[in-house]
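Everything on this sheet refers to the single structure shown next.
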C-alpha cells in the first residue's frame, strides 16, 4: 500500500504508478476493466454458474464436465477456454468429488498451475506506461512469516493445497508463501448480477488500487470482468488518488483497522477512521434516565492504532535482526555463538518492552457519562456491553451472508436493546436482519427493520456510495410491495442516481428499478392524480399565477350570474 491521497497507510510500501493520464473522468466512467489472472467459484455455486464466464443457470442452460462432473459450462467455447487450467485439476476434482477443498485453496491451486505454465510472463497493462505481472503484486512475505495470528491459517492452507494437488506440483515452502501472500492480499470477492458473492479471483491490473473507508471509486463485475468506476469527476485520471474500499464501513474504526491489518498488513489513518464524531457514536449506548434521549459513548478498551503500530515495528525489528544474524553467521562461527547469546538477551528485553507497550496503549479508564443529563454508566454496564459486542463479533464471523437464518439474526438483534440507534454494531446487525427478511420474502419485517435503520445507514455510508443506494432500492421495493407507493417511488428515485453511477445504466438492478417504477405508476390512485394534473394544465394553459387563476374563476361566475334564468336550468 502507498502513502498518498486522503488516507495515510502506516506500514505501507510506496509504488510508482506512472504519470497522470491527461483524460478527464466523469462520475460513472469506467477507469479500468480487467479479466482475472485466476478465479474459483464457491462450492455452493459450482453447478449454478459457468466456470469460465460466470453465466448464471437462470440465463443459459449449463452442462457439466464429462470427466469430473464438478464444474459446469454454458457453451463449447467456455469449455475449450477452461482447458488451460481444468486439464490440471479435472482428475483432482474427480478424486475429491465428495470432499472438495474450499474456493481459496482451489484458487491457489489454479495460480500454481498457471505459474508452472509460464504465467509469470503474463503482463497486464492498466495504462499506456503502466503494467503488472504476478511477481509485481504485494506478497507481505516478512509480515506473513512473523505473524503469529496468520501462522495457523498458513499451515492449514499449506496442508490442504498439498493434499489437493500432490507433492509433485507443490512449490517449495518459500515460493508457496510468496504465492500465498500475493493471492491473499490481492484477492477479490466477485459477485453476480444480483450482488451475490459467488467466488474469489485475482486481478493483476486492479490490484493497483489502495483502500479508503470513504472511497472515490466503486468495484463492479460483468461476469468475471472487473470494472472500476469513478464516483467523482476528475480533471485528469490519476490512479494514485483512486481509492476503493476493502472492508464494510459499517463497523467501528478499531474493528476496521484490525481487519485491514490482519488481511492487508497496514494501519488505515484515513479521515473516516480519525473522525471524532463518528467514534463518539460507534460504541454508544442509551441513557437509562427516564425521558432522556441522550447517549453514552463508551471508549475502546485499548488504543488499536497504537497497538498495530507497535506490532508493525516489532515485526520489522525481528525481520531486521534475523537478516543481520544470517549475514553474520557466514563470517565466523565463534561470533555466531556470541551473537546468539546477544540475540537471546535482546529478545528477553524486547518481550519486556512489548509488555510495557501493551500496558501503555491501554486507554485511561474514565467513567462514561450521558451527554445530556450526566447519567454515569457503571463498570458492570460497560462490561455487559463489551461482552455483547464480543458475542456479536463471534456470531458475525459464522453467519453465511448467502443463507441467512432470520430467526437467529433477530435473536442477536434482541440482545442489543441497550445499544443506541447509531451504534455501529446495531446498524450492521439491522442491515443483516433487513437482508435476511428480503431473502425470506418477509416484506413487512424488511420494511420495519429498514425504516429503523434508515438514519444509521445514511450516517455510516457516504452519500455517494452505491451500497447506500442499494439499501434504498431494497427499502423502496419493500414500501411498494406494502402499498406505500408515493414514498416508495420517492426512495427509488433517490437510489437511481448513484446506482447508475456505480453500476451503470444497463445493470440488471437498474432494469428491476425501472420496471418496478413503471408498474407502480400504473396504480389507479397515482394514475388518476396524474390525469387530473394534466387536465388542469390543459384547461388553464395561460395562467401563470394563483391570482390569475382566481380572477378567471370569478369572471366565469359573474358571467353565469348575469345570464338569463332560462340558460341556468339544471345548473
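The values are calculated or read from the model by the stated rules, or taken from the named source; none is laboratory data. All values reported here derive from a predicted model rather than from experimental measurement. Positions of Cβ are generated from backbone atoms using ideal geometry, with glycine treated the same way; all protein chains shown enter the neighbour counts.
Output the number of the condition that residue 131 fails; it satisfies all remaining conditions of (1) assigned to a helix (DSSP H, G or I); (2) touching a strand residue (DSSP E or B) at 6+ places or on another chain (Cβ under 9 Å); (3) surrounded by fewer than 18 Cβ atoms within 10 Å (Cβ to Cβ).
Checking residue 131 against (1) assigned to a helix (DSSP H, G or I); (2) touching a strand residue (DSSP E or B) at 6+ places or on another chain (Cβ under 9 Å); (3) surrounded by fewer than 18 Cβ atoms within 10 Å (Cβ to Cβ), the one that fails is (1).
Hey, could you check region 99-118 for residues that are in a loop (DSSP other than H, G, I, E, B) and over 23 Å from the mean Cα position of the chain (by Cα) and say which is surrounded by the most Cβ atoms within 10 Å (Cβ to Cβ)?
101
Quick check on this structure: which one of 212, 155 is surrounded by 17 or more Cβ atoms within 10 Å (Cβ to Cβ) and out of contact with any helix residue (DSSP H, G or I) (no Cβ under 9 Å at 6 or more places or on another chain)?
Answer to the check: 212.
Against the conditions (1) surrounded by fewer than 19 Cβ atoms within 10 Å (Cβ to Cβ); (2) within 20 Å of residue 89 (Cα to Cα), where does residue 183 fall short? Just the number, please.
(1)
If you check 34, 54, 38, which single one turns out to be crowded, with 17+ Cβ neighbours inside 10 Å, over 22 Å from residue 176 (Cα atoms), touching a strand residue (DSSP E or B) at 6+ places or on another chain (Cβ under 6 Å) and modelled with pLDDT of 95 or more?
Matching residue, one of 34, 54, 38: 34.
For region 162-174, what are the residues that are assigned to a helix (DSSP H, G or I) and modelled with pLDDT under 95?
Scanning region 162-174 gives 173, 174.
Residue by residue through region 250-268, note down the ones that are in a loop (DSSP other than H, G, I, E, B) and over 13 Å from the mean Cα position of the chain (by Cα).
252, 265, 266
Return yes when residue 503 is surrounded by 15 or more Cβ atoms within 10 Å (Cβ to Cβ) and over 24 Å from the mean Cα position of the chain (by Cα) and no when it is not.
Criteria not met by residue 503.
Which members of region 421-468 meet the condition of being in a loop (DSSP other than H, G, I, E, B), in contact with a strand residue (DSSP E or B) (Cβ under 7 Å, 6 or more places away or on another chain) and crowded, with 21+ Cβ neighbours inside 10 Å?
Passing the criteria: only 423.
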